[in-house]
Structure formats: C-alpha cells, structure tokens
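**Student:** Structure provided below as structure tokens; questions to follow.
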Amino acid sequence: AEIEEQGAGLTIKKVTSLFQTNANASTFHWPYDVSPDGNKFVVLGLGAQGTSEPLTLVTNWPALLKKQ
C-alpha cells in the first residue's frame, strides 16, 4: 500500500495485491511469515481439495521396535 504521512497520522493511498494464495486465515495464527530482509514470503496454504493421502496412526510403537 502506498502510505502518506499527514501531520501526526498516516493516510493509506493505493493498495495493490502482491500475489494470490489459498492461505487459511485463523484467529489463532497468521498463515504467513516474511523473511528478515522483507524480500520473501512463506505461506501456509491449503492443499488441493480431494487429493489428501491416507494417514496411518501407529500406537504403542516402542513395543514394535522391541519385537525386531
């Protein structure tokens, strides 16, 4: 956004989108971060809908290690 200083305040002028993303905004965290130099973004996005891989939950895995 273009920002202009006016006395003790600021005025926001023209706003331009930098890029499009499928980030999932939450009230508990920001879905992005900016590099210290301000030149790069890391965005936590949503995966493509309907293409999720199966999830395998292994319980009591220390006992499985002892069997080997």
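**Student:** Taking a cut-off of 26 Å between Cα atoms, list the lysines near Lys13, but don't count ones fewer than 8 places away on the same chain.
**Tutor:** List returned: Lys40.
**Student:** Oh, and also: For Ile12, what charge total do you get from the other residues with a beta carbon under 14 Å from its beta carbon, if Lys and Arg give +1 and Asp and Glu give -1? Please report the intermediate quantities before stating the final value.
**Tutor:** Numbers: positive: Lys13, Lys14; negative: Glu2, Glu4, Glu5.
My count for the surroundings of Ile12 gives -1.
Coordinate-derived values only; no laboratory data. Everything quoted here is computed from the prediction, not taken from an experiment. Methodologically, a virtual Cβ is constructed for each residue, glycine included, from the backbone with ideal geometry; neighbour enumeration extends over all protein chains shown.
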